[in-house]
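Read through the structure below, which is laid out as structure tokens, and then see the notes.
The values are calculated or read from the model by the stated rules, or taken from the named source; none is laboratory data. The structure presented is a predicted model; accordingly, all values stated were derived computationally and were not measured. For neighbour counting, all protein chains shown are included, and Cβ atoms are generated from backbone atoms with ideal geometry for every residue, glycine included.
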Amino acid sequence: MKPDIYPLGDSALIVRFSEYTEAESINRVRSLFKLLKAEPIPGLIELVPALGTLAVYYRPDICGFREWRERLLPLLNRLSVTEAPPANRLSIPVCYGGEFGPDLPCVAESAGLSEQEVIRLHSGAEYVVGMIGFVPGFPYLVGLPHALATPRRTEPRVSVPPGSIGIGGNQTGIYPVSVPGGWRLIGRTPVRLFRPEERPPSLLSPGDIVRFIPIERGQFAEMEHRAL
Amino acid sequence: MNGIVVMKPGAFSTVQDGGRWGLQKYGVSPGGAMEMLSYRTANMLVGNAGNVPALEMTLLGPTLELRQDALVAVCGADMRPKADGRHLPMNRPVLVKAGSVVSFGASVGGSRSYLAVAGGFDVPRVLGGFGCYPAAGLEGLAGRPIREGDRLGLAAPGKGAKSFARHLAALQGSESGSFIAEGWSVAVAPSFAEDKHFHVRVLPGKRFSRLSAESQALLFERYFTVGTQSNRMGYRLKGPKLQLAEASEMVSEPVTPGTVQLPPGGDPIVLMADRQTTGGYPPVAYVISADLPLLAQAAPGDSVSFERTSLAEAERLYAEQQRKIRLLERMIALKYAEVGRENE
């Protein structure tokens, strides 16, 4: 995969490893992130790993785009021998269906599966956090079983309860805060994904490996209570 | 001490700083002052470092009662500021006395104005920043615009500002009055005419070529109007509808302030300070950083037009703007140093 480097305006650029979301490009993004943190280029402001890309925000009066590209190319050559840093693994408890998953029936119908099978497939997969975006702490998870891909709602809900697990196209994610949203809601977690009082403020980081663990309503109530 | 009490909040007044950087990878938008030049200049004029919290006022400013003496500066759109009914000069340090009522009206030309106080507004620091980020419920002042009855605390001013305040007090002599303004002032870019038209330069994005040929031309040949749903997150532009040559899904990608996105409806959106950190709509162009302060002064109903420029030119303009800021900083520092010597 030959990476593509292109500007986003005059003060940022993207290093893109592929046009499609895949775990391999995520690892390369993480490796490049690690290299740039270790040897920062002058004028670097911030690095943002995203789906198959790394965004670099910089001061163009210190190094302009052309100089950035010159300095990135040797680093990109080193990526093939650089190991991606070990990923954190997390388990997220989810109470599927019922009042927490109002769209579970329609996901099941669209997939031609029973609700139980949807839950089994969704919780049986291992996901990688491709990026955090849209709102603070919202993870875009790569690895949704193809059978569960479901188009977004045509009309977004005005407000999605925090902790809701959603499916949007071929991605799955978790709403950390109450916002309007168009993804299909299949369950809810009592875990807080966004904690502004902590560093980092997001439970999940790009590159983390996530599994969903089904829990019962009673367990949900108990965990929610303990989290307060 | 006793801070500043809000008598009338104005249309949308929020405490902002220079932005909280380093957190976009967690989905936290940098935020910060919409119009960075006026924000920074106001802070420099009262001897504050760059990132200190100031009050960002939008379209119609607040009425504030000062419960303590304060060294202040107002920069940005002219909201015809007054102290106790008397015209309060902008773009210079002013010592305002305790008990004065400072009022801001509707902006005449431009839409955003900044009130900086020496020491800064004393609001809780959340996620490494002081700015107000209503969309995520983050602080500034409880993550919301100021309301009638709010009391804004002021942090302690530094030595330089205290010395400057003494210098202004001495200028007043035996005259009574709610404020004493410095004689000199600074010229703050951007200058925006009262004709309410904003012409900004853009760089085509990687997806610019996905626009239909007609839309590529329209982007630069016609003007757009800032829609009523425009705010700190972004400006929705109304005008000729733009179209991609072919519809296509796009994977969400990180964005920057000034990103011009094209949603399916055809009305472009220009992302601003409180934008979401990633965007799923194709980014067709980017307003150059040097022109963001100008664009930040546009209000709903104002017109915007775009001019294509090159990356080399955009970088050159940015560097020039930074040089001007540094010169201004040095000039103000010299004034402060002069006053410091006077007071010895």
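Among the residues of region B:239-261, which ones are in a loop (DSSP other than H, G, I, E, B) and touching a Phe, Trp or Tyr at 6+ places or on another chain (Cβ under 6 Å)?
Within region B:239-261, B:G239, B:G258 qualify.
Mind listing whichever residues of region A:137-153 are more than 12 Å from chain B (Cβ to nearest Cβ) and part of a loop (DSSP other than H, G, I, E, B)?
A:G143, A:L144, A:P145, A:A149, A:R153
Restrict the check to region B:230-237 and report whether at least one residue is without any contact (Cβ under 8 Å) to a residue 40 or more places away in the chain and more than 9 Å from chain A (Cβ to nearest Cβ).
Yes, that holds for at least one residue.
Within region B:1-57, restricting attention to residues that are hydrophobic (A, V, I, L, M, F, W, C) and within 14 Å of another protein chain (Cβ to nearest Cβ), which residue is nearest to B:V102 (Cα to Cα)?
In this case the residue turns out to be B:M36.
In region A:166-215, which residue that is in a loop (DSSP other than H, G, I, E, B) and among the small types (G, A, S) is surrounded by the most Cβ atoms within 10 Å (Cβ to Cβ)?
A:G207
Are any residues in region A:94-103 surrounded by fewer than 17 Cβ atoms within 10 Å (Cβ to Cβ) and touching a residue at least 12 places away in the same chain (Cβ under 8 Å), and if so, which ones?
Listed by number, the residues that qualify are A:G98, A:P102.
Can you tell me how many residues within region A:192-214 are in contact (Cβ under 8 Å) with a residue 60 or more places away in the chain and under 16 Å from the mean Cα position of the chain (by Cα)?
12
Just one of the numbered conditions (1) closer than 30 Å to A:R153 by Cα; (2) part of a helix (DSSP H, G or I); (3) among the hydrophobic types (A, V, I, L, M, F, W, C) is not true of A:L90; which one?
Evaluating A:L90 over (1) closer than 30 Å to A:R153 by Cα; (2) part of a helix (DSSP H, G or I); (3) among the hydrophobic types (A, V, I, L, M, F, W, C) leaves (2) as the failure.
Name the one entry in A:P93, A:P85, A:P40 that is on the phi < 0 side of the Ramachandran plot and out of contact with any Phe, Trp or Tyr (no Cβ under 9 Å at 6 or more places or on another chain).
Criteria check complete, one pass: A:P40.
Of the numbered conditions (1) within 14 Å of another protein chain (Cβ to nearest Cβ); (2) over 23 Å from A:P151 (Cβ atoms); (3) part of a loop (DSSP other than H, G, I, E, B); (4) in contact (Cβ under 8 Å) with a residue 40 or more places away in the chain, B:Q297 fails exactly one; give the number of that condition.
(1)
Which one is nearest to A:L47 (Cα to Cα), of the residues in region B:256-279 that are at pLDDT 95 or above, touching a helix residue (DSSP H, G or I) at 6+ places or on another chain (Cβ under 9 Å) and within 11 Å of another protein chain (Cβ to nearest Cβ)?
Checking each candidate, the answer is B:T256.
If a residue counts only when it is at pLDDT 95 or above, which strands (runs of 3 or more DSSP E) contained entirely in region B:49-157 have at least 2 such residues?
Result: B:54-58, B:63-66, B:70-78, B:94-96, B:101-103, B:108-117.
Tell me which residues, restricted to region B:42-61, are buried (at least 24 other Cβ atoms within 10 Å of the Cβ) and not hydrophobic (A, V, I, L, M, F, W, C).
B:N43, B:G47, B:N48, B:P53, B:E56, B:G61
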